[in-house]
1. Hey, could you check the range 151-170 for residues that are more than 16 Å from the ligand (Cβ to nearest atom) and not in a strand (DSSP E or B) and say which is least open to solvent (accessible area, probe 1.4 Å)?
2. It is to be established whether one or more residues within the range 154-163 are over 17 Å from the mean Cα position of the chain (by Cα), modelled with pLDDT of 95 or more and under 30 Å from Asp32 (Cα atoms).
3. Give the number of residues within the range 95-126 that are more than 16 Å from the ligand (Cβ to nearest atom) and closer than 19 Å to Gly7 by Cβ.
4. Would you mind telling me which numbered condition in (1) surrounded by fewer than 15 Cβ atoms within 10 Å (Cβ to Cβ); (2) within 16 Å of the ligand (Cβ to nearest atom); (3) without any contact (Cβ under 8 Å) to a residue 60 or more places away in the chain; (4) of a type outside the set (Val, Ile, Thr) Asp32 fails?
5. Can you confirm whether Gly129 is farther than 23 Å from Ala92 by Cα and more than 17 Å from the chain's Cα centre (by Cα)?
6. Pull up the range 257-280, narrow it to residues that are in contact (Cβ under 8 Å) with a residue 40 or more places away in the chain, open to solvent by less than 50 Å² (accessible area, probe 1.4 Å) and not β-branched (Val, Ile, Thr), then point me to the one that is farthest from Arg152 (Cα to Cα).
7. Just to be sure I understand, how many residues within the range 235-278 are of a type in the set (A, V, I, L, M, F, W, C), in contact with a Cys (Cβ under 8 Å, 6 or more places away or on another chain) and near the ligand (Cβ under 10 Å from one of its atoms)?
8. When residues of the range 1-22 are filtered for being closer than 13 Å to Arg44 by Cβ and among the polar types (S, T, N, Q), how many remain?
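The values are calculated or read from the model by the stated rules, or taken from the named source; none is laboratory data. These figures come from a predicted structure and were not determined experimentally. Every residue, glycine as well, gets a Cβ built from its backbone with ideal geometry; the counts of neighbours run over all protein chains shown. Protein only, heavy atoms only, side chains kept; ligands, DNA and RNA dropped before computing areas. Shrake-Rupley method; radii C 1.70, N 1.55, O 1.52, S 1.80 Å.
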Amino acid sequence: MTIKILGTGIGIPSRRVSNDELAHIMGIDTTDEWIQTMTGISHRNICTTETLVDLANQAAASALKNSSIHPTQIDYILGATMGCETSTPSLASHVADHIGATAPSVDLNAACVGFLYCLDYASALIATGRATTVLIVTGERMSSHVDWSDRRTCILFGDGAAAVVVTKGQGLKYINLQTRPDMDVITMKRKMSGTNPLATPDEATPIFLDGQKVFKYAVSLMEEEIITALNTLGWHADEIDHYLIHQANRRIIDFAISRLELSPEKFPMNIAEYGNMSAVSIPALLHELRMAHSIQPGQKLLLCAFGAGMTCGSSVIEWE
Ligand code: UT7
């Protein structure tokens with residue numbers, strides 16, 4: 001395989017909101033105890049003065065610095081987002097503008113699995129010689145997508161951005177992506193801004209999720225992805241040092257821990273601090289582990305995510 005991760009960075013809004021504060025501000029009927037017990041979330045960060053573009057720029061600049069890579073060395077910029085403040089230019093193009101790069105820039109939308117999709121694209125670009133070094137920037141402003149009066153969804157999400165610089169290497173051992181089409185389980189409609197008089201006007205709807213259905217999908221897809229990855233590589237679950245699972249709900253990750261009969265220490269989490277940041281969750285977790293010096297060369301990481309679509313995927317990386 002063809003890539004290794006050189007460096008990471010994050011951009012998180014400064015406003016931190018606890019469960020109690022969220023309930024108070026929004027006047028929703030919930031409690032800190034319910035949210036923590038049902039999801040594992042205690043805080044999330046929410047954009048106030050920052051835009052998503054600001055967060056992505058910060059994450060990208062930090063990842064470049066962390067990698068000792070100059071923007072002119074970047075051959076491609078891949079963004080993963082469900083949408084930034086401008087439908088066009090893309091988030092990736094905004095980042096190119098900010099860092100002073102002229103490489104091609106494009107966004108992918110695979111909901112919470114966006115980072116794994118970008119990793120796969122980066123790997124293909126590098127394998128075919130179209131790029132040597134790729135900047136991946138994930139960013140979601142979930143606070144702008146939720147209905148803040150809906151206690152079933154508004155408690156789940158947080159805003160943030162995370163970036164990763166990848167280059168040629170031998171670290172990527174496995175990647176698998178798939179879609180199990182279900183168009184109703186997680187949806188969000190955008191209002192188009194044009195004024196076509198011949199069409200029925202669009203209506204925007206905030207993010208809707210059938211929580212119980214998502215939960216069931218997540219548990220079964222995650223188990224299937226992890227077992228297929230391990231079987232393909234011929235590795236035992238014990239041989240993985242860190243399982244980086246999409247941070248949608250602590251109980252989903254606890255399920256994986258019990259099914260694989262592994263130590264919870266192998267499953268780092270940041271959901272308590274950030275909530276579900278969609279495509280940002282896994283690279284943000286990776287960044288935090290690196291900053292804590294918790295990942296050593298030779299260690300094996302298994303990444304797994306699921307999201308609207310239903311998209312899902314997994315990847316195994318041996319750290320170089
Ligand atoms: O990354 C992809 C997106 N992530 C997800 O979709 C997360 C996956 N799903 C979940 O994590 C869980 O489904 C939730 C945590 C969202 C909800 O847990 P649940 O066990 O599926 O709850 P539910 O929606 O079936 O609701 C059970 C009860 C309901 O009360 P009634 O109608 O039985 O009286 C809800 O109204 O819990 C109530 N409830 C709440 N109570 C207090 C729902 N949200 C809240 C809340 N505070 N925030």
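1. If we take residues in the range 151-170 being more than 16 Å from the ligand (Cβ to nearest atom) and not in a strand (DSSP E or B), then Gly169 is least open to solvent (accessible area, probe 1.4 Å).
2. Let us first name the residues in the range 154-163 that are over 17 Å from the mean Cα position of the chain (by Cα), namely 154-155.
If we keep only those that are modelled with pLDDT of 95 or more too, we end up with 154-155.
Next cut, under 30 Å from Asp32 (Cα atoms) only: 154-155.
The answer is yes, given that some residue of the range 154-163 is over 17 Å from the mean Cα position of the chain (by Cα), modelled with pLDDT of 95 or more and under 30 Å from Asp32 (Cα atoms).
3. The initial filter retains those residues of the range 95-126 that are more than 16 Å from the ligand (Cβ to nearest atom), namely 95-108, 118-126.
Subsequent filtering for residues that are closer than 19 Å to Gly7 by Cβ retains 95-96, 98-101, 103, 105, 118-119, 121-123, 125-126.
Matching residues across the range 95-126 total 15.
4. Going through (1) surrounded by fewer than 15 Cβ atoms within 10 Å (Cβ to Cβ); (2) within 16 Å of the ligand (Cβ to nearest atom); (3) without any contact (Cβ under 8 Å) to a residue 60 or more places away in the chain; (4) of a type outside the set (Val, Ile, Thr) one by one, Asp32 breaks only (1).
5. Working: farther than 23 Å from Ala92 by Cα: no; more than 17 Å from the chain's Cα centre (by Cα): yes.
In short, no.
6. By that ranking, first place goes to Ala279.
7. Total satisfying the criteria: 1.
8. First, the residues of the range 1-22 that are closer than 13 Å to Arg44 by Cβ: 12-22.
Checking which are among the polar types (S, T, N, Q) leaves us with 14, 18-19.
Count: 3.
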